Amino acid sequence: MNRLAAATRWSRLLEFAERRLPALTRLKRAESLPIRLDRHRIYVLPTRFGALFSLVLAVMLLGALNYNNNPALLLTCLLGAASYQSVFQAFRTLNRLELHAIRTEPCHAGEPLRVALHFRTDARPRRSLCLRVDAVEIRFDLPAAGEGCVHLTLDAPQRGWRRLGRLRLSSTYPFGLFEVWSWLHPDVAALVYPRLEPQAPPLPLDPAEAQWQTARGSGDELAVLREYRPTDPLRTIAWKASARHDTLLVKEFERRRGRDVVLDFGALHGLDREARLSRLARWVFLAEAAQVRYALVLPDQRLGPGLGAEHRHACLRALALQPGGAP
Amino acid sequence: MRTTPLTSAQFALTAASVSVAILPHLLRLPWLFAVPIGLLVIGRSVQRRYRAAPIPGWLRLPLILLFPALIVFHYGNLFGREPGSVLACAMLALKLAETETRRDAHAAIAFAGFVLMSALLFADSLGVSLLLLAALSLLLAALRELEVPGTSRPPLVALREDLRAGAFALFAAVPLGLIAFVFLPRLGSPLWGAPTDATAHTGLGDRMAPGTLQELLIDDSPAFRVRFDDPAPPRNDLYWRGPVLWYFDGSAWSRPEFFGSSRAEDELRTAGRAIGYEITLEPSDRRWLLALDMPLAAPDNAVRGADMSLVSRTPVANLLRYRLRSAPRYQLETTLDPVHRRFALELPPGFDPRARALAARWRRDLGNDEAIIRAALALFHDRFFYTLNAPLLGRDSVDDFLFETRRGFCEHFASAFTFLMRAAGIPARVVTGYQGGYYNEVGDYWIVRQSDAHAWSEVWLAGRGWVRVDPTAAVSPQRVELGARAAAGDSARWYQADWLQTLRNEFDLVNRYWNDAVVQFNALRQRSLLTPFGIDKAEDSELFAVLMVLSSLVLALALWWVIRAERPDGDALDAAYARLCAKLARAGMARDPAEGPRRLAARVAARWPDQRELQRLLAVYVRLRYACALPSTTAVRAFARAVAALRLRRSPGVVRPIG
């Protein structure tokens, strides 16, 4: 109980600090890209090795002073100044670095989430940068006057929007004596689809329809006329229709293998919500694989029927954003 | 990250750092330590090439115990400058043996820096310091390699980058480092015991046994440097007086203890002008100070003995500089103290009967002192040879030399001559020191090397006092004219060729500057640094304040360099527009990142309808930027000036131009 009170007080203190000194706290609000690092948000502290090294320097200094050995003192002063001035180089490693784009690929919950962060630098190359997100740490260099792409693999345990959270960009360049770091909190979230049910039953097709589908075979029927694209084969051009209009038109055929499948949330009895969403996601996946048109019926909306990457994404997105997922 | 195994390049640089740190010590250590430590470093480097694993513990643990035991066995204890440095080297080598991770490498390199610096406690010449400077940049390069694992680059490119970064870091550190060096207050007295253990400094001793000077005569290290106030006296007058030896035990000459005490000053009568000069004495760990014959007074912290030799109160452990005045024409001790007379005539009984007989015959036949001296010098001149390769002498060393070998150098001649004089009843003593020197024209100073060591005699003559007699000059005048080695002729080795010697002597100028500027920069000179600014004797606090102010200035400069405004993207027009937007933002009307100038103008017009100048500027920008292919320079400049002249007030609603 006491600990809880202390924790509350601590978080309240942090909130207060954030309100009063936004630059000093790392509890910064998410900000829109591009994020450019400058002196207002770069912090420096000596590393543990830096502390040890300064201790050694102090011993050397004392020894040189004690034995009245001027050459030793001169070299100690030079080494000390060199190591101290490395703090500026360390600062320059992060200064004016820009995070200008983040790309994520949607994934299913439980699968690794791939994130690509695009950094941009000025004329100087940046060495030995270290990016940490959650427990994932990755080291990379950036070439001069160029862009660098850093690929991260994060875990995505829950469906819904997965916020990237705070990224810690740090470096101990050039000598490992000082660590400079900065917190990046890009306003970016990745969509995480529901988990795919591993052992899902097959698509809910009527047996009769399935037979009909095989009987029809690959029968094609004309779906629509559209404008000619340079890669279309000549035999698909609808010459008569083209003559009526001024442009070349192409006959587009659609392969139909049967009636639409309806994937109905409400029809899945005896399962909790997450299990239902999991199964529906798997069915979407199966329907796409079998090239069967499908419609998705959810308590709050109905999608389709349709087929193709866009439809699939729309369905999975609707599934992912069902209430009860990640905020 | 800290426990990541090292790449081979990282390990190689770490091992190189450790090696350069140990190397200066290794050349100095007894083989008992040098060999195992060297083998350990080499063996470990070879082993790491084949297997990325530390040397196993069963091998390391005995070594960890063995080294301290060996040190205690050899030196008697673990502490002190000499055993401490051995221990540090051994521990550093052992650290390398277990270095596998980045963390180990960090520790090893930091410790290597310490070991490297401690090498300067043993030799602080310019050459060593420059080598150490190079070694420091190697250390920094190794640290950098630990930060930037060079796997993506070819090893040589990576190495060059690292070395360049290390050298650059040291170069950039020069201003701050120099300021710290000059103004860091020196300790008035050492915090812990100053070094007492004898080091391998060569120099004159208070004893002259056969062969002692021979070691010196082949040693080319500098003994001291001299700068004369006026033109230097002729070379054959440059007798640098060191310890005066009175006591002869049959084989060696030495100095009785009590002659260290000083005596009345009026024994020395001078004639002619005194010569003023300044001597910078290399550390010898002995108490002798050198002076040109005859010093008029002792420098601070030293006393002048009755025999006119100068003795410092403390051993000369560091470079020592002192000023002296000497009289080349003098009369010393015209009435001889009875005690001195007894010492100056004493001979060990039972040695060298033939020399005694010869001296007795001279006394009987010639009678007068001057004639006896002439006879002895004539004997040397006619029958003797000067060589550095003198044959060994037996028990009756003077007899052997005078009647058998007849070959030798200053030591033999001075010893035999003094013996003959005493045997003939003339008070005499041996003086050791240096003779001559090399004049460096560029730096206008004389350098006297150990190889200029010399020994001569002084005899006491009634009415004239002590008179210098150099029997070596009688045998080989070149010794006094040219120097010991030139006189010996035959013993020159290939690296002692004349032109090389000359080059070295000329190059000594750099050493002198180094000594002047760095080694000799003591607390006294530091205190007088601020004299031009009206502070005669700067206190530690004042020095510290200056140190703080100057280093803050340097750091502020570096800071400015780091955070100085970057050149904005785009051209002058964009820069001016950015300034305008910044002014608007300060007035409470920030441009949205996605907002174009016309939309901004509309917003501005809605909020501040009476702000005509602002409207005009935004319109001008739109025209210049979008309505013409290449805006004219004059138009852009006019726009920039107008932006600069624009004054906006923060007060809401009322924004008007001022001025």
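The values are calculated or read from the model by the stated rules, or taken from the named source; none is laboratory data. Owing to the predicted nature of the structure, the values given are computational and were not obtained by experimental measurement. Counting neighbours? That spans all protein chains shown, and the Cβs are built from the backbone with ideal geometry, glycine included. Protein only, heavy atoms only, side chains kept; ligands, DNA and RNA dropped before computing areas. Shrake-Rupley method; radii C 1.70, N 1.55, O 1.52, S 1.80 Å.
Report yes if B:Leu156 is surrounded by fewer than 17 Cβ atoms within 10 Å (Cβ to Cβ), of a type outside the set (Val, Ile, Thr), more than 8 Å from every other protein chain (Cβ to nearest Cβ) and in a helix (DSSP H, G or I), otherwise no. Spelling it out, B:Leu156 is indeed surrounded by fewer than 17 Cβ atoms within 10 Å (Cβ to Cβ), of a type outside the set (Val, Ile, Thr), more than 8 Å from every other protein chain (Cβ to nearest Cβ) and in a helix (DSSP H, G or I). Does segment A:78-92 contain any residue that is touching a strand residue (DSSP E or B) at 6+ places or on another chain (Cβ under 6 Å), under 30 Å from A:Leu321 (Cβ atoms) and assigned by TED's automatic domain parsing to the domain that holds A:Ser170? Taking every residue of segment A:78-92 in turn, none turns out to be touching a strand residue (DSSP E or B) at 6+ places or on another chain (Cβ under 6 Å), under 30 Å from A:Leu321 (Cβ atoms) and assigned by TED's automatic domain parsing to the domain that holds A:Ser170. A search for C-beta distances below 6 Å between a residue of segment A:75-93 that is over 14 Å from B:Leu170 (Cα atoms) and any residue that is among the charged types (D, E, K, R) and at pLDDT below 90, counting only pairs 6+ apart in sequence or on different chains, returns A:Thr93/A:Arg126. Per the listing A:Asp187, A:Asp155, A:Asp141, A:Asp134, the residue uniquely touching a residue at least 60 places away in the same chain (Cβ under 8 Å) and either away from chain B (no Cβ under 12 Å) or at negative phi (or both) is A:Asp187. Checking each residue in segment B:33-52 for being surrounded by 13 or more Cβ atoms within 10 Å (Cβ to Cβ), of a type in the set (A, V, I, L, M) and under 18 Å from B:Ala88 (Cβ atoms) picks out B:Ala34, B:Ile37, B:Leu40, B:Val41. Against the test of being open to solvent by less than 90 Å² (accessible area, probe 1.4 Å) and either out of contact with any helix residue (DSSP H, G or I) (no Cβ under 9 Å at 6 or more places or on another chain) or in a helix (DSSP H, G or I) (or both), the options B:Ala578, B:Ala590, B:Ala594 yield a single qualifying residue, B:Ala578. In summary, B:Ala108 fulfils each of the numbered conditions (1) in contact with a Leu (Cβ under 7 Å, 6 or more places away or on another chain); (2) open to solvent by less than 10 Å² (accessible area, probe 1.4 Å); (3) more than 27 Å from B:Leu543 (Cβ to Cβ); (4) at the interface with chain A (Cβ under 10 Å from one of its Cβ atoms) with the single exception of condition (4).
Here's the yes/no breakdown for (1) aromatic (Phe, Trp, Tyr); (2) in the same structural domain as B:Pro222 (by TED's automatic domain parsing); (3) touching an Asp or Glu at 6+ places or on another chain (Cβ under 8 Å):
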| position | (1), (2), (3) |
| --- | --- |
| B:Ala123 | no, no, no |
| B:Leu139 | no, no, no |
| B:Ala142 | no, no, yes |
| B:Val148 | no, no, yes |
| B:Leu156 | no, no, no |
| B:Gly166 | no, no, no |
| B:Gly177 | no, no, no |
| B:Ala180 | no, no, no |
| B:Phe183 | yes, no, no |
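The requirement of being touching a residue at least 12 places away in the same chain (Cβ under 8 Å) and either over 27 Å from the mean Cα position of the chain (by Cα) or not in a helix (DSSP H, G or I) (or both) is fulfilled nowhere in segment B:110-120; no residue meets it.
The sole residue among A:Glu137, A:Glu179 that is surrounded by fewer than 14 Cβ atoms within 10 Å (Cβ to Cβ), assigned by TED's automatic domain parsing to the domain that holds A:Phe53 and in contact with a strand residue (DSSP E or B) (Cβ under 7 Å, 6 or more places away or on another chain) is A:Glu137. For segment B:500-510, give me the residue count where each residue is open to solvent by 40 Å² or more (accessible area, probe 1.4 Å) and at pLDDT below 80. The total comes to 6.
Rundown of residues vs (1) closer than 24 Å to B:Ala135 by Cα; (2) more than 7 Å from chain B (Cβ to nearest Cβ); (3) not in a helix (DSSP H, G or I), yes/no style:
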| site | (1), (2), (3) |
| --- | --- |
| A:Gly50 | yes, yes, no |
| A:Leu57 | yes, yes, no |
| A:Met60 | yes, no, no |
| A:Ala72 | yes, no, no |
| A:Ala81 | yes, no, no |
| A:Phe91 | no, no, no |
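Among (1) among the aliphatic types (A, V, I, L, M); (2) at the interface with another protein chain (Cβ under 9 Å from one of its Cβ atoms); (3) free of Cβ contacts under 8 Å to residues at least 12 places away in the same chain, which single condition is B:Leu78 missing? The number of the failed condition is (2).
Within segment A:274-296, being without any contact (Cβ under 8 Å) to a residue 40 or more places away in the chain and surrounded by fewer than 16 Cβ atoms within 10 Å (Cβ to Cβ) holds for A:Ala289, A:Gln291. Among the residues making up segment B:16-51, those that are out of contact with any helix residue (DSSP H, G or I) (no Cβ under 7 Å at 6 or more places or on another chain), within 20 Å of B:Ala135 (Cα to Cα) and assigned to a helix (DSSP H, G or I) are B:Leu23, B:Ile42. The residues of segment A:111-131 that are surrounded by 16 or more Cβ atoms within 10 Å (Cβ to Cβ) and of a type outside the set (D, E, K, R), listed by number, are A:Leu113, A:Val115, A:Leu117, A:His118, A:Phe119, A:Thr121, A:Ser128, A:Leu129, A:Cys130, A:Leu131. Scoring B:Arg313 on the criteria (1) closer than 26 Å to B:Ala473 by Cα; (2) under 42 Å from the mean Cα position of the chain (by Cα); (3) surrounded by fewer than 12 Cβ atoms within 10 Å (Cβ to Cβ) leaves a single failure, condition (1). The one condition from (1) more than 8 Å from chain B (Cβ to nearest Cβ); (2) open to solvent by less than 40 Å² (accessible area, probe 1.4 Å) that A:Arg103 does not meet is (2).
Residue by residue, here is whether (1) modelled with pLDDT under 80; (2) of a type in the set (Ser, Thr, Tyr); (3) touching a Phe, Trp or Tyr at 6+ places or on another chain (Cβ under 6 Å) holds:
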| position | (1), (2), (3) |
| --- | --- |
| B:Arg235 | no, no, no |
| B:Tyr239 | no, yes, no |
| B:Ser251 | no, yes, no |
| B:Glu257 | yes, no, no |
| B:Ser261 | yes, yes, no |
| B:Ile275 | no, no, no |
| B:Asp293 | no, no, yes |
| B:Ala298 | no, no, no |
| B:Arg313 | no, no, no |
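Candidates are the residues of segment A:24-57 that are among the small types (Gly, Ala, Ser) and open to solvent by less than 50 Å² (accessible area, probe 1.4 Å); the one that is modelled with the lowest pLDDT is A:Ala30. Looking across B:Ala93, B:Ala88, B:Ala194, one residue alone is in contact with a His (Cβ under 9 Å, 6 or more places away or on another chain) and either open to solvent by 50 Å² or more (accessible area, probe 1.4 Å) or modelled with pLDDT of 85 or more (or both). It is B:Ala88. Summed over segment B:1-32, residues that are open to solvent by 60 Å² or more (accessible area, probe 1.4 Å) and over 17 Å from B:Leu139 (Cα atoms) total 7. Checking the stated criteria, B:Leu559 turns out to be open to solvent by 50 Å² or more (accessible area, probe 1.4 Å) and within 30 Å of A:Tyr84 (Cα to Cα).
Of all the criteria given as (1) open to solvent by less than 30 Å² (accessible area, probe 1.4 Å); (2) closer than 22 Å to B:Val459 by Cβ; (3) not in a loop (DSSP other than H, G, I, E, B), the one not satisfied by B:Asp307 is (3). In segment B:344-362, which residue that is crowded, with 17+ Cβ neighbours inside 10 Å and more than 51 Å from the chain's Cα centre (by Cα) is farthest from B:Trp253 (Cα to Cα)? Step by step, filter segment B:344-362, then rank; the result is B:Trp362.
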